[in-house]
Structure formats: structure tokens, C-alpha cells
């Protein structure tokens, strides 16, 4: 027979008044700076802007391809721009549809991507700063090169890394605690 079954509608229990009575395993609210929050979107946009400025300044010089570390900085800045811009779009979508991005797989992907781009951006900025110091202080060839542009691009890469670090740490912490 095709008899219908009664539907069960769960009733949501009110939260306990005492915070000590909270059940174990309950996730904390999203911290500012985590994916899907306005702070996270702000961090992604700052990362993108600094990486884009580093890329634009370095690409505006005509002699950056002659130095490998400057080419590495350009490649790292391109990757950082793509990563930060794509995650900014994800954050905008999450904010518009009021979605939480605390999915375990998504947080793991964000943490791994942030870790890779942070390592690349930091190492490229360090390599470029070493070459810039060599050109400026040791060889005294700034009159023949674009030292100011190289220093500006390197500083922007470091600032992009400083903006990326909180995103990586929050995602990594969320992945480890979840």
C-alpha cells in the first residue's frame, strides 16, 4: 500500500544561557579576516592591489628580464594577483548569498593555496631585495638601472605578503581546529 507517513518538523532548541553548557564541537563564529567575511574580502583586495602594483611597476621597466629574481618576482606577483582576485570573487559571492565558507575542503584548499602563494611571494621579494641591494649598494650601478622601480616593486611584494599572512594563518588555524 501507498500510505503516507507523518512528517516530522524539528524544533530548534534555544541556546543555553551559560556558555559553559555549550556542547562540545560547536564552531566559533567567523573571525574577521576569514573567508566569506568582510574582513576576508578586504584582505584579499589589499593582497591583490599590492601584487598588481608590484607587477605593474616591475613590468614598466625594460630591463627586468635580464635578472632572474626580478622575473621570479613578476611570476609570483602574477600568481598572487590571480589567486587573490579569484578568492575575492568567492568572498563577494559568499557575502551576497550570506553563505559560510567553513566547509572543510574549501578551508583546506584556501590554506594550501595561501601557503603556496605566501611562500612564493616572500621568496621572490627576498630575492629581489637582495639583487636590489647588490645593484644599489655594492655595485653602484643605480644610475644605469631603474633602482627606484625595483625597490618599489619589491616593497609592494613584501606588503602583499604581509596582507597574505593573516589570511593564511586564519585558514590554517581554522583547518586545524575544525
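Classify region 32-177 as rounded, prolate or oblate, taking a ≥ b ≥ c as the square roots of the eigenvalues of its Cα gyration tensor: rounded when a/c is under 1.5, otherwise prolate if a/b is larger than b/c and oblate if not. Before the final figure, lay out each step's value.
Working: a/c = 3.16, a/b = 2.44, b/c = 1.30.
Cα axes put region 32-177 in the prolate bin.
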### region 87-158, relative contact order [Cα under 8 Å, separation at least 6], %
30
### Query
Where does each of 70, 122 land when they are ranked from fewest to most other beta-carbon atoms within 10 angstrom?
122, 70
### Query
For region 32-177, what's the relative contact order in percent, using C-alpha pairs closer than 8 Å and at least 6 residues apart?
39
### Message
Between region 123-166 and region 54-106, how far is it from one alpha carbon centroid to the other, in angstrom?
### Response
19
### Query
Ranking 86, 143, 152 by Cβ neighbours within 10 Å, fewest first, what do you get?
143, 86, 152
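Read-outs: derived from the displayed coordinates by stated rules, not from any lab. Note that the structure is predicted; figures quoted are calculated from it, not measured. Virtual Cβ from ideal backbone geometry, glycine too; neighbours counted across all protein chains shown.
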